[in-house]
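Please read the structure below before turning to the comments.
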């Protein structure tokens with residue numbers, strides 16, 4: 001089904017179309033390719049797995065016992081990914097540029113001294129960003145090993161590009177969100193937002209496709225939708241907490257709905273325009289730690305120690 005047809009009824013009809021339960025550990029992160037029907041996951045069992053989402057088929061599994069697999073995102077090439085390391089390494093090889101086609105490491109990126117907690121690829125060029133527990137954000141280029149830019153800050157950093165690649169956001173201590181011009185970030189942020197009254201660290205940022213909204217998820221399981229231009233809060237939702245786990249929320253491609261997991265093992269969907277809950281589902285896989293909507297399909301992926309692909313089921317509505 002076309003994502004142009006999304007409405008309350010279709011969102012309510014979403015149900016599990018395929019599930020993959022052969023993981024031996026929690027899935028740490030997942031990402032959809034922007035233009036191809038592909039999904040990649042990184043898991044605590046040290047595996048990286050590539051899926052064809054049009055046919056719900058596992059295409060390839062590679063294991064990375066030395067480095068592990070933590071944060072992951074596609075590059076523009078459908079068989080290449082950037083992956084952060086989960087295991088503490090004296091070599092400081094915390095970032096790798098990998099080819100899934102022939103299971104090769106194309107490049108290491110050294111600079112961070114602690115685990116990477118946020119990773120994102122520019123939608124328009126070969127730049128990508130990483131945020132680390134060493135209190136730094138680094139800007140890289142796939143074509144060179146050396147770091148291209150460095151931001152030092154307080155707290156746990158979270159990074160995200162907007163969908164046009166013109167702006168990036170960095171969240172830091174005290175709930176502050178700073179916006180930078182991608183072409184002149186060395187001049188400092190051009191705007192700073194605060195989520196009023198909530199000083200919890202932001203663990204995830206996403207921009208809507210039209211660039212008008214920002215979606216924040218905090219470490220205390222609060223979700224906020226902000227106006228991306230003025231920083232005003234459009235709506236906010238609180239989820240149940242769960243020990244040792246944070247949740248992820250996602251926009252639908254049209255930017256009209258927000259989906260999120262919860263600490264009680266349920267999934268929720270809200271309409272941003274009406275600020276009302278549209279649907280609540282049992283996740284069937286426990287507390288969902290990773291959640292993303294496919295960029296070009298009426299489908300979302302939810303993951304814990306299993307991966308579930310959700311699609312519309314007209315009979316369910």
Region 178-275: radius of gyration and largest Cα-Cα distance (Dmax), Å: 13.9, 43
For region 161-226, with equal point scatterers placed on the C-alpha atoms only and solvent neglected, what are the log10 I(q)/I(0) values from the Debye formula at q = 0.25, 0.26 1/Å, to two decimals? -1.11, -1.17
Relative contact order of the chain: what whole-number percent is it, with Cα pairs under 8 angstrom and at least 6 residues apart? 16
Quick one: 277, 173, fewest Cβ neighbours within 10 Å first, how do they rank? 277, 173
Using Cα centres only, tell me the gap between region 37-61 and region 246-276 in whole Å. 23
By average C-beta atoms within 10 angstrom, highest first, the peptides 159-171, 105-117: 159-171, 105-117
Arranged by the count of other C-beta atoms within 10 angstrom, fewest first, what order do 153, 291 take? 153, 291
Under 10 Å, Cα contacts only: if you run a Gaussian network model on the chain, which one of 75, 21, 218 comes out with the highest mean-square fluctuation? 21
Over the chain, one equal point on each Cα, no solvent: what is log10 I(q)/I(0) by the Debye formula at q = 0.06, 0.12, 0.14, 0.15 Å⁻¹? -0.18, -0.76, -1.08, -1.27
Arranged by the count of other C-beta atoms within 10 angstrom, fewest first, what order do 158, 62 take? 62, 158
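Read-outs throughout are calculated quantities, based only on the coordinates presented, and are distinct from any laboratory measurement. These numbers were taken from a predicted model, which means no experiment stands behind them. When we count neighbours, we look across all protein chains shown, and the Cβ atoms used for this are built from the backbone with ideal geometry, even at glycine.
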